[in-house]
Amino acid sequence: MALLFVCEGERNEPWIEALNHHAPDLEVRCYPDLGDTSEITYALAWKPPAGLLKSLPNLKVVFSLGAGIDHLASDPELPKDRPVVRMIEPGLTYGMTDYVVMSVLAHHRRLVEFLALQRERRWEMLFVPLSSDRRVGIMGLGELGGHAAQALVGLGFDVAGWSRGPKELSGVTCYHGPDGLGAFLARSEILVCLLPMTERTQGILCAETFAQLPRGAALVNPGRGKHLVETDLIPALDSGQLSGASLDVFETEPLPEDHPFWSDSRILITPHIAAITMPMTGSKAVIDNIQRYESGQNLENVVDFSRGY
Ligand code: NDP
Ligand code: OXD
């Protein structure tokens, strides 16, 4: 039994060390050094080359190195008869909550405007409402959205969330489904997108959606670049319908040098680092699941391809 680690651009050593910390007897191979492919039973992957996973004849389970699985689903040859497990681990969950709290506070406290005033050496006391008077809306109340929502409730914000099916979360006003979207948007002064990328969620952050938000709302998108119709953002900012945006993900990554978002001071940009899977805690999640599987128990966090996440 061997586990194949595939992640372009990531250093392999911390992962080999962490996987072997939790499973000293596990043989870890790193792409492209496959060796005898018939010995590979598990893969832990981020954006594997198309067709690679299909070429492993005895693969039992595919583990996604990330919470999202669009990087696997885009492989037309992904072996869907094998379970695909998405990553849920504290590094991602707490990292994302940090990012969401930071971004919501930045928009709530008008950080971009204060920074502009500082550059002009102007002392101007812009009004900032209480957090309890600020309505934040989180699209996606799963592992990441749910945790971030609870943290914002803890800071006193008036938080709502929107999910596919009905949900109950302490202190959070919950909406769901296409029928709940309008009422959810109408109250979201700061809109955070933590949806997975699916056929239904692609392009959901568009002019039609922005028009349903309160005027001057802010957008925070750490979900996926394709959630946002990028050509709709600057017109919404120019018209005043949106006041600002924090974007961590983009249709094309890295964001091309000549992209208009770079030079727009109303847009705060981070390079897809809102949350990162940590080797030690991420490996533990994988090894725990392998041990569960090997002892005949059900795997946790298996992707349901019929709903796309
Ligand atoms: P989950 O699968 O745990 O949660 C997804 C949530 O979205 C669920 O609440 C689900 O509803 C809801 N949802 C899905 N489809 C719809 C729909 N059509 N309409 C309404 N709600 C919908 O995912 P995670 O929270 O773990 O991760 C979310 C995403 O965050 C990832 O897929 C990834 O794209 C992104 N991400 C980005 C990172 C970054 O660094 N920028 C890092 C990690 C993740 P329900 O509860 O009813 O199923
Ligand atoms: C993820 C990501 O999906 O980092 O985990 O984007």
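The values are calculated or read from the model by the stated rules, or taken from the named source; none is laboratory data. Please read these numbers as outputs of a predicted model, since none were measured by experiment. When we count neighbours, we look across all protein chains shown, and the Cβ atoms used for this are built from the backbone with ideal geometry, even at glycine.
Overview of results
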item: Near pairs, Cβ below 9 angstrom, 6+ apart or cross-chain, from segment 10-24 (within 15 Å of Ile290 (Cα to Cα) and free of Cβ contacts under 8 Å to residues at least 12 places away in the same chain) to any residue that is surrounded by 13 or more Cβ atoms within 10 Å (Cβ to Cβ) and among the hydrophobic types (A, V, I, L, M, F, W, C); result: Asn20/Leu26; Asn20/Val28
item: Answer residue from segment 41-59, given it is over 14 Å from Phe5 (Cα atoms) and either of a type outside the set (Lys, Arg) or part of a loop (DSSP other than H, G, I, E, B) (or both) and is nearest to ligand 2 (Cβ to nearest atom) among those; result: Ala50
item: Any hit, segment 244-261, residues being farther than 22 Å from Glu189 by Cα and in a helix (DSSP H, G or I); result: yes
item: Among (1) within 16 Å of ligand 2 (Cβ to nearest atom); (2) farther than 22 Å from Glu294 by Cβ; (3) modelled with pLDDT of 95 or more; (4) not small (Gly, Ala, Ser), the one test that Asp33 misses; result: (1)
item: Breaking point among (1) in contact (Cβ under 8 Å) with a residue 60 or more places away in the chain; (2) of a type outside the set (Gly, Ala, Ser); (3) assigned to a loop (DSSP other than H, G, I, E, B), for Lys284; result: (3)
item: So Glu199, is it acidic (Asp, Glu), surrounded by fewer than 24 Cβ atoms within 10 Å (Cβ to Cβ), more than 14 Å from Gly244 (Cα to Cα) and over 15 Å from the mean Cα position of the chain (by Cα); result: yes
item: Conditions (1) crowded, with 18+ Cβ neighbours inside 10 Å; (2) closer than 23 Å to Leu111 by Cα; number of the one not met by Ser163; result: (2)
